[in-house]
Amino acid sequence: MPAAQQPNGAASQGSHVATIDIGDHTEALLLFGREDQNLRLIQDSFPVQIVSRGDRISVRGEPEDVRRVTALFEGLLQQVRRGAAPGPEDVRYAIELAREGRADQVGEMAEDVIVVTARGKQIRPKTLGQRRYVEAIRSNGIVFGIGPAGTGKTYLAMAVAIAALKAHEVARIILTRPAVEAGEKLGFLPGDLHEKVDPYLRPLYDALWDMLGVETFQKYMSRGLIEVAPLAYMRGRTLDDSFIILDEAQNTTPEQMKMFLTRLGFGSRAVVTGDVTQVDLPRGRHSGLAHVQQVLRGIKGIEFVYLTERDVVRHPLVQQIILAYERYEAREAGEDRETRKEPDNGRSHDAGDPR
């Protein structure tokens, strides 16, 4: 394995040196990533010199930097030894934890395998926020997962649901979402009712196929173990022994949200996911997901989990896009408040002034 050179110059004389032992060549390949991209990410993020020779890594630099990088490598090695292959997005998140002095938590990311897909891929939380979200789902009757796109809200909920179904904790999985167009007018759709709503439910099918494989998914669907339906189909039903997931809940009205939550029967649990910054309801309609946070807060057995841009596990630019929009919207809101302020015109306010 080639040595990694420090981009900011060699470490000063008298600096601290630490070594990390790697089990074998396979572990090194998984740790360093494809074409050493993980190693380069770490090297570029800390003012240290990293050299890898055979089954050993040496880190040279100031003591605190060396301590953080060493703990970071050890945490990533724990992930490798638990069957995970850290990708660049995992390493970037681990680097953030190391900079905050929390590198000891890096290895914990690989502890919780929720389910193994049909292709042998282990599905696990990739951030501390995602881990808190999964733990909340397991220990509460109703969980609201609220956060931006790419934080794994629906995917992780579906993984927990499949694990619960396989463990016979529930008798079926019900996946639903409101059929609301995302700012586009799709017009007349041909076919029967199932074919008309199918495009809205496609993201749920994609995730199920990924986790179960097409054959198992079709078998579960035909036996009624998995039901995928638009939210309108939930009205009037009582859902016992079910794991129910409401996706894209920001596009429900308060009335629809109440209707959905009151479908919950004995032995059932529900997960509601959404992003309150991406509401596609017609102008003037209030989001049921925003409203429910005011209504149900503080009820035992109901938990709200908020994920942030730090929990995004898509392309790293997605984090930057989310932050850019947040800054822009905050700036726009501030300017809007300023324009709404009434000019004082030099008048004093006394007790008789209605203002």
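Since every read-out is calculated from the coordinates, none of them should be taken as a lab result. Please read all numbers here as calculations on a predicted model, not as lab measurements. Every residue, glycine among them, receives a Cβ derived from its backbone with ideal geometry; neighbour counts consider all protein chains shown.
Before moving on, here are some points about what is shown:
- LEU41 sits among other residues whose Cβ lies under 13 Å from its own Cβ, and their net charge, with Lys and Arg +1 and Asp and Glu -1, is -2.
- Residues with amide H under 5 Å from that of ILE226, placed H, sequence gap 5 or more: ILE173, MET221
- Once backbone amide H atoms are built at 1.01 Å from N, GLY33 has ASN38 as its partners under 5 Å, excluding neighbours fewer than 5 places away on the same chain.
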